[in-house]
Structure formats: C-alpha cells, structure tokens
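In what follows, a single structure is set out as structure tokens and then discussed.
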Amino acid sequence: MSRYGCLLFLIASLVGVGVHSPTLAADPAPKTSDATAPADDEAGYIRIAQTYLQQFGRYKGPINGELTLELEKAVRQFQEAMGIPPDGRVNRLLVNLLVDAGRPGYAPQ
C-alpha cells in the first residue's frame with residue numbers, strides 16, 4: 001500500500017468511513033456500548049432496556065440481558081409515563097422509545 005493509501009486508510013478509520021484494503025486484515029468491529037449496539041435478539045433488547053431504565057432511575061438491577069420481575073415493573077412504569085398501554089414487554093418499539101427518551105430535549109408527542 002502506498003504512503004497516500006495508508007494515510008487515507010488511517011483518516012477513514014478515524015472518522016468511521018469504511019475503507020477496505022486487500023493488503024490489510026479485515027477491519028475490527030466498531031466498538032459500541034450495549035445501549036447503542038444493534039440488538040437482533042431478545043437478550044440484546046433487554047440489555048438496552050436495562051441500560052436506559054437504569055440511567056432514568058427506574059431500574060436498579062444488573063445489566064445482564066435477563067428479563068426479571070424488577071425489569072418488567074420498570075418497563076411498565078416507563079410505558080405508563082409515556083402514555084402507552086403498560087404490558088411490560090421488551091421489544092424493538094420499547095427500545096426505540098427508550099433511545100428517544102434518552103436524547104437531550106426529548107418531549108413525547
């Protein structure tokens with residue numbers, strides 16, 4: 001790889017642009033916190049919900065991806081506060097609401 005190519009790759013890596021070089025090993029997975037990592041499984045959604053509900057002071061338990069009665073109660077309380085029917089379920093809709101609620105200046109519609 002040329003000096004210019006190395007420099008381009010380094011800059012792209014720093015700003016998060018995907019650049020693939022045949023002479024370098026595959027780029028490592030981006031480092032993200034559990035709160036922002038994509039969750040394709042139930043445990044992932046649960047960890048995200050635990051993280052946000054803990055930040056909001058509604059959940060005191062561990063962030064372990066396990067649905068407990070304490071977490072279900074915290075989910076219901078959050079759902080009630082958001083004006084949606086409280087079912088205690090952790091799913092993509094809940095995670096999206098939690099992420100939105102965690103943004104500065106968020107006001108529910």
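How would you rank 92-101, 79-88, 42-51, highest first, on the average number of other Cβ atoms within 10 Å across their residues?
Packing order, densest peptide first, comes out as 42-51, 92-101, 79-88.
What are the ³J(HN,Hα) values, in whole Hz, obtained from phi via the Karplus relation 6.51 cos²θ - 1.76 cosθ + 1.60 with θ = phi - 60°, for each residue of segment 64-73 in sequence order, with x given for Gly and Pro?
So the Karplus estimates, Gly and Pro as x, are 9, x, 10, 7, 10, 4, 5, 5, 4, 5 Hz.
For a test of the definition: using alpha carbon positions, the gyration tensor, and the 1.5 limit on a/c, classify segment 42-101 as rounded, prolate or oblate.
Taking the square roots of the gyration eigenvalues as a ≥ b ≥ c, segment 42-101 is rounded.
Read-outs throughout are calculated quantities, based only on the coordinates presented, and are distinct from any laboratory measurement. Since we're looking at a predicted model, the values are computed, not measured. Cβ: placed from backbone, ideal geometry, glycine included. Neighbour counts: every protein chain shown.
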